[in-house]
Amino acid sequence: MSRSADQLQQSLRALPAVDRLLQHELLEPVSLFLAREWMTLMAREVLEDSRAAIRQGGDAPELDVLAARVAEVCRELRHGGIRRVINATGIVLHTNLGRSPLSLDVARDAMAASAQSVSVEMDLRTGERGNRYESVQRLLSVLTGCESSLVVNNNAAAVLLVLNTFARDKEVILSRGEMIEIGGSFRLPEIILSSGAGLREVGTTNRTHLKDYRNAVSSRSGLLMKAHTSNYRVEGFTHSVPAQDLLDLSKETGVPVYEDLGSGSLIDIADYGLTSEPTVQQVVAFGIPIVSFSGDKLLGGPQAGIIVGEKRFIDAILENHLLRALRIDKVSMALLERTLQTYLDPAGPQAKVPIHFLLSRSVDALEQTARELVARCESVQLQLEPRAGSSAVGGGACPTDELSTWVVELIHPRLKPDALARRFRSLPTPVLGRIRGDRFCLDMRALLPQDLEELITSLRGMDEEIDSR
Ligand SMILES: *Cc1c(COP(=O)(O)O)cnc(C)c1O
């Protein structure tokens, strides 16, 4: 489409001046929450975008349209960001949805404390400077039986710190079957190199034997490392060496064993019908002297990296200056302490730790929730059908396991599944479902108790919204 230079100039001139745009009535409410200088900046951005669009052959938007756009950009800037959503994907540990949900009691309590001054590094008995890790160390000793422990920003930081402490300018011996990549740029071989350690690969992708480790040990060895293959499983003709089998070799050679558990659980997940894996307390009892895992996977806490093990090794890590750069903040520390404390509750973790509540819900309970949802949303336009199904656990845990679940399939006479999914994401409280075959569906597995009422309200509102279009 070619236009004359005249027409172009005319369209550009039709755009309002910044001041005139800001006088629009739609921007009056915005001035209550956003200072004038930022409103001006946003109006300039919107006008600049319009100018660019006009140069590409578009028309000048109406004043009302421009004002509405400015209001939206302002609202997003001041009130956008991380928002509560309803997780109806069925994936209880959804990395894009913040991994493990926290209990509201834990979150409120920890937030209220850490919004004010807190005793993070103050010994209240003596009034002297205290040990930042003391309280969490006590809890981890009680819960896992470890001699000592340390908490950092996340498990990636824990891995980096352990490697840097024990294998910098030395070698880490690791099986080729455990060269893991966890989504979002955590690649073990690269972390090892970043830590200043050399990587000594042993075995093959599918089979690694104790003798492979033994043959690799030299005066340069810093660690015998095991990494949990969190998001894949090698099946068929395979062999790997459990970390506890490396302990004898460690005794012979003096090279310590380190196991990166990934998603360390304090609960036996076989109770949920998932493939059994040793709990953190079992790994500690086996005698693995250095173990690390995430705070926000099956532990059900905030983002954190937890290192448990023998005191002499933890003390060595505490001496590492990198610790200062990887240290956990007071809010996460408060959340982690309270999460660990809920494991001590007489009602048990399944009642108090949301991730274990979700994993322990029976298929009958999920069916009941699905049927309640359908019964209370007798909607005209959306046809709701409860069905049995299965869901993945997610979050680098149990990669090949599926949990039985119930879903509600949604059928609309005009809207295709992806259009429905989009509509649900744009609700005031966005709802994330999943597409199963050619149906959009809401999975009951990852719904928290407080989600159901909100989901029902959303579904009813949604129907009216579709009606009015
Ligand atoms: C998830 C995972 C990590 C990374 O942990 P973050 O807490 O996400 O930093 C490292 N190693 C393994 C084996 C994992 O499963």
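The residues listed here are Ala304, Ala316; of these, the one that is of a type in the set (A, V, I, L, M), assigned by TED's automatic domain parsing to the domain that holds Gln341 and more than 10 Å from the ligand (Cβ to nearest atom) is Ala316. How many of the residues making up the range 225-252 are in contact with a Leu (Cβ under 8 Å, 6 or more places away or on another chain), within 16 Å of the ligand (Cβ to nearest atom) and either among the charged types (D, E, K, R) or more than 19 Å from Ile180 (Cα to Cα) (or both)? The qualifying residues number 1.
Only one entry in Glu235, Glu201, Glu190 is more than 22 Å from Glu277 (Cβ to Cβ) and exposed (fewer than 14 other Cβ atoms within 10 Å of the Cβ), namely Glu190.
So, restricting to helices (runs of 4 or more DSSP H) that lie completely within the range 354-469, which ones have at least 3 residues that are closer than 20 Å to Leu97 by Cβ and touching a Pro at 6+ places or on another chain (Cβ under 8 Å)?
354-360
Do we have any residue at all in the range 276-288 that's away from the ligand (no atom under 15 Å from the Cβ), modelled with pLDDT under 95 and not in a strand (DSSP E or B)?
From the range 276-288, those away from the ligand (no atom under 15 Å from the Cβ) are 276, 279, 281-282, 284-287; that's our starting set.
Restricting the remaining residues to those that are modelled with pLDDT under 95 gives 276.
After this cut, where a residue has to be not in a strand (DSSP E or B) as well, the list is 276.
Yes; the residues of the range 276-288 include at least one that is away from the ligand (no atom under 15 Å from the Cβ), modelled with pLDDT under 95 and not in a strand (DSSP E or B).
Taking each residue of the range 43-58 that is modelled with pLDDT under 95 and among the aromatic types (Phe, Trp, Tyr) and looking for partners that are crowded, with 19+ Cβ neighbours inside 10 Å and not in a helix (DSSP H, G or I) with beta-carbon atoms closer than 6 Å, six or more apart or interchain, yields nothing.
Within the range 165-199, the residues that satisfy the criterion of being more than 27 Å from the chain's Cα centre (by Cα) and on the phi > 0 side of the Ramachandran plot are Asp169, Gly196.
I'd like to check which strands (runs of 3 or more DSSP E) are fully inside the range 122-224 and have at least 3 residues that are away from the ligand (no atom under 16 Å from the Cβ).
Numbers: elements: 148-152, 171-175, 198-202.
Hits in the range 122-224: 198-202.
Taking the criterion of being surrounded by 24 or more Cβ atoms within 10 Å (Cβ to Cβ), within 15 Å of the ligand (Cβ to nearest atom) and at negative phi, the residues of the range 386-408 that qualify are Val393, Ala397. When we screen Gly309, Gly305 for residues that are surrounded by 21 or more Cβ atoms within 10 Å (Cβ to Cβ), farther than 17 Å from Asn153 by Cβ and not polar (S, T, N, Q), the only hit is Gly309. Here the range 33-67 is the region considered, the condition is being under 34 Å from the mean Cα position of the chain (by Cα) and of a type in the set (A, V, I, L, M, F, W, C), and the residue that is farthest from Ala5 (Cα to Cα) is Phe33. The residue pairs whose first member lies in the range 389-408 and is farther than 16 Å from Gly437 by Cβ, whose second member is part of a strand (DSSP E or B) and within 16 Å of the ligand (Cβ to nearest atom), and whose beta carbons are closer than 6 Å, counting only pairs six or more residues apart or on different chains, are Gly394/His94; Gly395/Arg99; Gly396/Ile182; Gly396/Gly262.
Keeping to the range 384-410, report how many residues are of a type in the set (S, T, N, Q) and either modelled with pLDDT under 90 or not assigned by TED's automatic domain parsing to the domain that holds Arg361 (or both). Write out each step before concluding.
Keep residues of the range 384-410 that are of a type in the set (S, T, N, Q), which gives 390-391, 400, 404-405.
From the residues that got through so far, the ones that are either modelled with pLDDT under 90 or not assigned by TED's automatic domain parsing to the domain that holds Arg361 (or both) too are 400.
Counting residues in the range 384-410 that are of a type in the set (S, T, N, Q) and either modelled with pLDDT under 90 or not assigned by TED's automatic domain parsing to the domain that holds Arg361 (or both) gives 1.
Out of Arg324, Arg361, which single residue is within 28 Å of Ala112 (Cβ to Cβ), away from the ligand (no atom under 16 Å from the Cβ) and surrounded by fewer than 24 Cβ atoms within 10 Å (Cβ to Cβ)? Let's see the steps before the verdict.
Numbers: Arg361 fails: within 28 Å of Ala112 (Cβ to Cβ).
Within the list Arg324, Arg361, the selection yields Arg324.
The values are calculated or read from the model by the stated rules, or taken from the named source; none is laboratory data. Please read these numbers as outputs of a predicted model, since none were measured by experiment. So basically every Cβ, Gly included, is an ideal-geometry build from the backbone, and we count neighbours across all protein chains shown.
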